[in-house]
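Any read-out appearing in this document is the output of simple, stated calculations on the displayed coordinates, not a laboratory observation. Bear in mind the structure is a predicted one, so any value in this text is a computation, not a measurement. Counting neighbours? That spans all protein chains shown, and the Cβs are built from the backbone with ideal geometry, glycine included.
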Amino acid sequence: MGFLIRLFSRRGFFLFFIFLEVVAIVLIFRKNAIQQSFIAAKTSAINSAVSGYIDEGTSYLKLRQINQDLVAQNKALMLQLYGRDTLSSPTELEIDDTQKGQQIYSVVDAEVISNSINRADNYFTINRGKNQNVAPEMGVITPRGIAGIVINTTDNYALVQSVLSIHNIRINASLKKNGYFGTLTWKGDSPRVMHLADIPKYVSLNIGDTIITDNKSTIFPKGIMIGRIAGYEIDPRTSFWDISVELSEDMGNLHKAYVVNNLRKVEIKQIQDTLKKVENGK
Amino acid sequence: MVSRNVFTDIIMVAFLIVLQIFILNEMALSGKYIPVLYPVFVMFYPFYRNKYTYIITSFLLGLGIDAFMGTWGINAFATTSIAYFRAQLFQSSISDEADSFSFQSIQWTQFLFFIFINIFIHQLLVQYIEFFKLSRVLDVFVNIVITSGVSFVFVLLYALMFRIKEKV
């Protein structure tokens, strides 16, 4: 208290001067638009700086919670990524057959989940089965060619005999340009090459001619691309052409496949079975 | 001349405010350089009078000018500043130590310098606070110098008219 009295008695005039100046400054910043906006800008800048520091501090305190949230989110994403058995639901193609022609083939899309090409008889597995109306003796084609024939199914999977099989695959194939047909087999030499036999040697051939599926099969629809002629020579034993066909589909790189089902298979089988009865009856 | 007291001071303040606001402010040279006369009260206030009365009347003078010009506090701040620092400005205006604070004891050149430095500092404070923008520093400085020059003429006329140099 004594200090204050001494201060005022000695420095009274100076303090009074300071007081008057402070009053003037307060008036300046309270009443004038320019200075007021200056003060407002400065105070808001200080405000935001201080609240920014506070936010930063509190965000550190929240890190544990954020970490837990991220772990939970990661877990959910990983379940989505690895936990599902199929990437897409199966779709069946339906053709509107009320207008013209009846539907002969149904198609189910599938994904190849295991594959081999290095054995004498190769197989691969697709992720469609009985539940998706896949049954044995259905054809499997790919966007670029034929792939195989279904030989066994479970509820959700099917085992497919690959076209690269020495013993079990006989495919009716024909020359696209003139319709001559023969039998396509694999001799086990190269996974890209199959052999077309039974084409008479008077048929003229060119390297690069297209080989397609024939309509004399109940497994594959007519006109599916198989491959192109890579070379030909006369088989001395049969005096038919032995044609090397380079497959258009790379069997070592199968991903997407379609199962085709001939809806008239049963009917065709019935009529063919009558021949057996006749033969047996002889 | 009537001896001065607080009431005459206040009447003089009122008179200077009226003079400044209603006459001199209308006389703006080339539209923007207003002659500022009212600091004569602060400059030529007798040295021997009560300094509290002196500084508070100076403050009220500035505040009165502000009230009419709508520049609250700016003129009050500048006027109070030159009132407080007048003694120092007076000492710095004279070359050698003077015996007493009096305009009679100093030379005319010193007297003119004292007048100009007061007006200049007053204008410096007023205009820089008023414009309050660093981007216009040079622009405003030119304005301050010209206004100070114009005001100097008017203040000198006042000083000669009332024989300040001889009386105070």
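Observations on the model:
- Set of lysines with alpha-carbon distance to A:Lys130 below 20 Å, sequence-local pairs under 8 removed: A:Lys256, A:Lys265
- Gain upon complete extension [B:Lys167, B:Asn5; 0.36 nm per residue less C-alpha separation]: 56.7 nm
- Contact order relative to length of the range A:140-282, as percent, for alpha carbon pairs under 8 angstrom and 6 or more apart: 23
- Calculated FRET value between A:Phe19 and A:Arg64, using beta carbons and R₀ = 51 Å, to 0.05: 0.45
- Choice from B:Ile65, B:Ile23, B:Ile117 showing the highest fluctuation, given a GNM over chain B with Cα pairs closer than 10 Å: B:Ile23
- Rounded to the nearest 500, the 222 nm mean residue ellipticity of chain B from helices alone is -21500 deg cm²/dmol, with -39,500 (n - 2.57) taken per DSSP H run of at least 4 residues.
- Reach of A:Lys201 by Cα under 24 Å, taken over lysines that are not fewer than 8 positions away in the same chain: A:Lys176, A:Lys177, A:Lys187, A:Lys216, A:Lys222
- For the protein assembly as shown, with +1 on Lys and Arg beta carbons and -1 on Asp and Glu, the positive-most of A:Asn172, A:Gly145, A:Ile207 along the dipole: A:Gly145
- Here each label is just a point 7 Å from Cα along the line to Cβ, and for B:Ile23 and A:Val26 those points are 3.5 nm apart.
- Of B:Ile129, B:Ile146, B:Ile11, the residue with the greatest mean-square motion in the GNM of chain B, using alpha carbon springs below 10 Å, is B:Ile11.
- Exercise: per-residue mean of other protein chain Cβ atoms within 10 Å, B:64-74: 4
- Computed FRET value (nearest 0.05) for A:Ala72 with A:Ile166, which takes r as the C-beta separation and R₀ as 35 Å: 0.05
- Cα long-axis angle, helix B:51-69 against chain B (0 to 90 degrees, to the nearest 10): 30
- To the nearest ten degrees, helix B:137-161 and the longest principal axis of the Cα atoms of chain B are 40 degrees apart.
- Comparing mean-square fluctuations of A:Ser48, A:Ser116, A:Ser106 from a GNM of chain A with C-alpha springs under 10 Å, the top value falls on A:Ser48.
- Highest-first packing order for the peptide set A:41-47, A:156-162 is A:156-162, A:41-47, based on the mean count of other beta carbon atoms within 10 Å.
- Neighbouring partner chain Cβ atoms per residue of A:14-21, average, 10 Å criterion: 6
- Segment B:Leu138-B:Ala14, extension gain: residue separation times 0.36 nm, minus the distance between their alpha carbons: 41.2 nm
- For residues of B:127-135, the mean tally of beta carbons on other chains within 10 Å: 2
- Along the range A:206-216 the Karplus relation, 6.51 cos²θ - 1.76 cosθ + 1.60 evaluated at θ = phi - 60°, assigns HN-Hα couplings of 10, 4, x, 5, 8, 10, 10, 6, 9, 8, 8 Hz to successive residues, with x for each Gly and Pro.
- For A:Ala45 and B:Ser105, the FRET efficiency from 1/(1 + (r/R0)^6), where r spans their Cβ atoms and R0 equals 45 Å, is about 0.30.
- With K and R counted +1 and D and E -1, the other residues having a Cβ less than 9 Å from that of A:Ser165 yield a net charge of 0.
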